[in-house]
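What follows is a single structure, written as structure tokens, with notes after it.
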Amino acid sequence: MAVPTPHAEALARVPVREGEAQVLGSTTRYQDYGPRDAEVVLVLVHGYRGDHHGLDPVVACLNGIRIISPDLPGFGDSTPLTEAPHSVAGYGRWLAAFLEALDLPTTPVVLGHSFGSMIVSHAVADGLVSPRAVVLVNPITSDPRSAAGRGITGLTRAFYAVSGILPERVARAWLGSPVIVQFMSMSLVTTPDRVLRRWIHEEHHRYFSAFSDATTVREGFRASLSTHVGEAAERVEVRTLLVSGEADRIAPVTGARATAALFPDARLVVIPKVGHLAHYEAPDAIADALRDFLAELPAEPAR
């Protein structure tokens, strides 16, 4: 029997509308939560191989904010890009065009989680996106080719490389192997709560393999190793909040502290005893940090 979703009741109280936008050849599908006329609009960019469901626990903790949460092209219910590569730069172009397509009534705050932190920081640094502020959750602030250990990274590279020599049907099965998904989930979870651990594993099995095709997954994986937030930090000229897990093995907090100092205007919040799955294990702490950050932003000028 499946473990009940911890935030289900809270999320059910949040109004939600489904939408889609045609962006660089992708039919990008998204969830539009909260009041349409909210003073604050928050746009979310999720991590590699996830979809919008991964950030739902945080959404459930944020009342009164309009939150737009798309599935990245090629993942979840969004189709792949055809007019840009599935690279950090390509996803940056997608983010800029997606925001333009939304035609929002106010300048949004943009949040990136994990791989999404790379997309958001570089898109802002390159002048593609001009948000009101930036929030980076479990940001990739150390070189992803070595932060988790060269042995693990080498094995992961080999795993994705094998999919490139297999027929598409076999490659999909290889990439979505329940054994691999379980191993990944067990390597990331840090909570001692047995029920929460089981729910996190179930969540990964439900959504981690919701990708369009093996080629897009491989392109995304290469993108996830191509850079890190620190390479963009000095050029991000808007207020920035970084939220890191004290026990994050994918993006160690030492790297987060060093990178936070590179931003012109940044604050780092470290959540104790939490790793790379802070959005699952401590969504209330992320929401608290986000609310405090938003409360200190200058008022948005009327358009």
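Rule-based calculations on the coordinates, nothing more; no lab input. Model, not experiment: these values are computed from the prediction. Every residue, glycine as well, gets a Cβ built from its backbone with ideal geometry; the counts of neighbours run over all protein chains shown.
A few notes on this one:
- Mean separation of Cα contacts under 8 Å (6+ apart) over length of the chain, as relative contact order %: 21 percent
- 222 nm mean residue ellipticity, helices alone, for the chain (DSSP H n ≥ 4; -39,500 (n - 2.57); rounded to 500): -11500 deg cm²/dmol
- Computed from point charges on the beta carbon alone (+1 for Lys and Arg, -1 for Asp and Glu), the dipole magnitude for the chain about its Cα centre is near 800 Debye.
- Counting DSSP beta bridges with both ends in the stretch 8-295, the antiparallel % (nearest 5): 35 percent
- Among V195, V269, V238, the largest mean-square fluctuation in a Gaussian network model of the chain (Cα springs under 10 Å) belongs to V195.
- Over the stretch 65-172, the fraction of Cα-Cα pairs per 5 Å bin, rounded to whole percents and listed from the shortest bin up, is 2, 10, 17, 20, 19, 14, 9, 6, 3, 0.
- Total formal charge among the other residues, if their Cβ is under 13 angstrom from that of G19, Lys/Arg +1 and Asp/Glu -1: -2
- Mean separation of Cα contacts under 8 Å, 6 or more apart, over the residue count of the stretch 1-142: relative contact order %: 25 percent
- Among the trypsin sites (Lys or Arg not before Pro) in the stretch 20-75, those located in a DSSP loop and surrounded by at most 12 other Cβ atoms within 10 Å of their own Cβ are R36.
- Inter-centroid distance (Cα atoms) of the stretch 207-236 relative to the stretch 60-107, Å: 14 Å
- Normalised by 2.2 N^0.38 Å, with N the number of residues, the alpha-carbon radius of gyration of the chain equals 0.93.
- Between the residues L225, V162, V270, the greatest Cα displacement towards the positive end of the dipole of the chain, with unit charges on the Cβ of Lys, Arg, Asp and Glu, is found for V162.
- Loop sites in the stretch 1-73: GluC sites (Glu not before Pro), DSSP, at most 14 other Cβ within 10 Å: E39
- Cα gyration tensor, the stretch 162-303 - rounded (a/c under 1.5), prolate or oblate: prolate
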